Amino acid sequence: MTNTAPPPSPLDLLGRPTADRIGAGAHLNGFGGFHGGLTVALMAAAMRGEAPGLPLRSVTARFHRPISDEFRLETSLTRAGRSLTAVGAKAVTAKGMHVEASAVLGSPKAAEWAEFAPAMPEAPPVEECEIFAIPSEFVPISAYLEIRPVGPNRPYAGGKEPELTAWIRLVGDERPPDALRFILLMDALAPSYAAVLSTLALVPTVELTVRTGENLDRTSSPWILLRARTRSATVDGWVDEEIDAWGPDGAHLGSAQQLRIIRTD
């Protein structure tokens, strides 16, 4: 009798050394390819290896084409300074580079500057919100995500506002998110523009930037509240999206920006 190991989960991959080749199993696909947020989280893990001990402040990735095959990560140290360090990375398959990324790491000197952060929107507690099930055949990686929407907006429901708000966590994960899991979760909602669509159109990511806040290190819950909003959209399909995240205590955990493009083919 042969024992077949289950396919690796997102948490399995994030816990492995990033020097290994990564199998792009279809069970980890988002829209049409290996999930973008998971890709960026793995690239961030690899880039942190170039600057051990420094906290990650920001990571930006540009997606040139979907990943559907085994890939490897290549990193390079761009600049090492006293306060800030910059690192670059590429996700490469046998067909060439698919994603390129850069990260800023560092720890500025302690100071007492005034703090500002977006206020958390009104939201019921997690346990009062119903689970929103995404068909895994449509977005396979959704099997690893628990999403509980807040408010009336839903993807592809023909609403009036291009905004989505939801509590979210990784299924079965009781730990508060670290920087890598946070990057993955920041790309876990459907595109906010989909809230105004009534028919299926893909809105893939062209560029994603995630910035972590200091409160991320202090949060104690696996749940984060995401609010994704389309800031602007053009008639030819370019979408500028902003995303903010809070813990259940109202502390702002970080933010993200996405450049998307609407596609019907």
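Read-outs throughout are calculated quantities, based only on the coordinates presented, and are distinct from any laboratory measurement. Note that the coordinates shown come from a computational prediction; the quantities given were computed from them, not determined experimentally. Don't worry about glycine lacking a Cβ; one is built from the backbone with ideal geometry, like all the others, and counts go over all protein chains shown.
How do THR234, THR85 rank when sorted from fewest to most other Cβ atoms within 10 Å of their own Cβ?
Result, fewest neighbours first: THR234, THR85.
Lys and Arg at +1, Asp and Glu at -1: add these up for the other residues within a Cβ distance under 14 Å of ARG263 and post the number.
Counting the neighbours of ARG263, the net charge comes to 0.
With label points built 7 Å along Cα→Cβ from the Cα atoms of ILE261 and ALA26, find their separation and express it in nm.
The modelled label-to-label distance comes out at 2.6 nm.
Sticking with the crude label model, points 7 Å out along Cα→Cβ, report the distance from SER220 to ALA5 in nm, one decimal please.
Inter-label distance under the simple model: 3.6 nm.
Would you mind counting up the charge near GLY96? Only other residues with Cβ under 10 Å from its Cβ, with Lys and Arg at +1 and Asp and Glu at -1.
Here the count lands on +3.
Can you list, bin by bin at 5 Å, the percent of alpha carbon pairs in region 56-151, starting at 0?
It works out to 2, 10, 11, 10, 13, 14, 14, 14, 8, 2, in whole percents.
Given the Cα-Cα distance of ALA251 and ARG82 and 0.36 nm per residue of separation, how much length would full extension add, in nm?
57.9 nm
Among (1) 20.3; (2) 18.1; (3) 19.0, which one is Kirkwood radius over Cα pairs in Å computed from these coordinates?
Computed from these coordinates, Kirkwood radius over Cα pairs in Å corresponds to label (3).
If the chain between LYS109 and ALA133 were fully stretched, how many nm would it gain, using 0.36 nm times the residue separation less the Cα-Cα distance?
4.2 nm
How much length is gained on full extension from GLU174 to ASP240, taking 0.36 nm per residue of separation minus their Cα-Cα distance?
Using 0.36 nm per residue and subtracting the Cα-Cα distance, I get 20.5 nm.
Calculate the spin-label point distance for LEU200 paired with GLU122, positioning each point 7 Å from the Cα along the beta-carbon direction, and give it in nanometres.
My value for the distance between the label points is 3.6 nm.
Just the number: Rg to Rh for region 129-265, Cα atoms, Kirkwood Rh, two decimals.
Working: Rg = 14.4 Å, Rh = 15.2 Å.
On the Cα set of region 129-265, Rg over Rh gives 0.95.
Would you mind calculating the relative contact order of the chain from Cα pairs under 8 angstrom and at least 6 residues apart, reporting the percent as a whole number?
With pairs under 8 Å counted, the relative contact order is 17 percent.
Sum -39500 (n - 2.57) across every DSSP H segment of at least 4 residues in the chain, then divide by the residue count to get the 222 nm mean residue ellipticity, nearest 500.
-2500 deg cm²/dmol
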